[in-house]
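Below you'll find the structure, written out as structure tokens, and then a few comments.
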Amino acid sequence: DGGITQSPKYLFRKEGQNVTLSCEQNLNHDAMYWYRQDPGQGLRLIYYSQIVNDFQKGDIAEGYSVSREKKESFPLTVTSAQKNPTAFYLCASRGQGAPGNEQFFGPGTRLTVL
Amino acid sequence: AQSVTQPDIHITVSEGASLELRCNYSYGATPYLFWYVQSPGQGLQLLLKYFSGDTLVQGIKGFEAEFKRSQSSFNLRKPSVHWSDAAEYFCAVGPPYNTDKLIFGTGTRLQVFP
């Protein structure tokens, strides 16, 4: 089945450690996205990538980094510079072509920094 | 500034009752409009979308939404709610022809009583 996988589902880290969240898609989508979700705040865009080896900052990129070396993969690193990293992180992808194609979402990773 | 407002944080309905979830937006032009649903601890699933044309849009799971340009609204409706509809619902808007940077509302949590 085609879809988006995020691993792990739950992640615990100590304060001051970098952590990388995985996102893989087999939908052959060109564009991929990372969102952060906090209670009562909806989704906020961290980074997005429209094509391999290229990515753009979203609204809350500080303290995060990404790479896009393969079309299928868009890992997100939460660095120690992120002041409040505990959140639910969602990855999404979108096919190009028809304007306004919707974004498809993965199941999410809940990160808890202790 | 571009924004999306979901005025109702939490709605409770009885199973079999009708449902309307409100979404208002502020945007320079007519945006692309989406409704997503999220079950606890899961990713988002697209219910329906509006780009142009007929202002009444049919979606999955028996949901529909009506775009009203004069009111800058895109309310989600369902004639008869099922217990499995209990979830969080998000309205999102994006610029025409480029849905990379969606703006999400803060969500409405739906509770369904038997």
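Numbers at a glance
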{"read-out": "Pairwise label distance in nanometres, A:Gln96 with A:Gln56, each label 7 Å out on the Cα-Cβ vector", "value": "1.3"}
{"read-out": "In order through the stretch B:39-45: 3J(HN,Hα) via Karplus (6.51 cos²θ - 1.76 cosθ + 1.60), integer Hz, x for Gly, Pro", "value": "7, x, x, 10, x, 9, 10"}
{"read-out": "Solvent-accessible area, 1.4 Å probe, carbon plus sulfur percent, for the stretch B:45-90", "value": "50"}
{"read-out": "Average accessible area per residue (Å²) across chain B - probe 1.4 Å, nucleic acids and ligands excluded", "value": "47"}
{"read-out": "B:Lys68/A:Asn18 FRET efficiency (R0 35 Å; Cβ-Cβ; nearest 0.05)", "value": "0.15"}
{"read-out": "Equivalent-ellipsoid semi-axes of chain A, from the Cα gyration tensor, Å, largest first", "value": "23, 14, 13"}
{"read-out": "Spatially proximal lysines relative to B:Lys61 (Cα-Cα < 19 Å; intrachain offsets below 8 disregarded)", "value": "B:Lys49, B:Lys78"}
{"read-out": "Centre separation in Å (Cα based) which lies between the stretch A:23-53 and the stretch A:69-114", "value": "4"}
{"read-out": "The stretch B:3-113 pair-distance distribution - Cα-Cα, 5 Å bins, rounded %", "value": "2, 13, 24, 27, 19, 10, 4, 1"}
{"read-out": "Mean projection area, nm², convex hull over Cα of the protein assembly as shown", "value": "12.8"}
{"read-out": "Förster radius 45 Å - calculated FRET efficiency between B:Asp100 and B:Arg77 (Cβ-Cβ, nearest 0.05)", "value": "0.95"}
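The values are calculated or read from the model by the stated rules, or taken from the named source; none is laboratory data. Because the structure is predicted, anything quoted here is derived from the model rather than measured. So basically every Cβ, Gly included, is an ideal-geometry build from the backbone, and we count neighbours across all protein chains shown. For accessibility, only protein heavy atoms count, side chains too; no ligands or nucleic acids. Shrake-Rupley method; radii C 1.70, N 1.55, O 1.52, S 1.80 Å.
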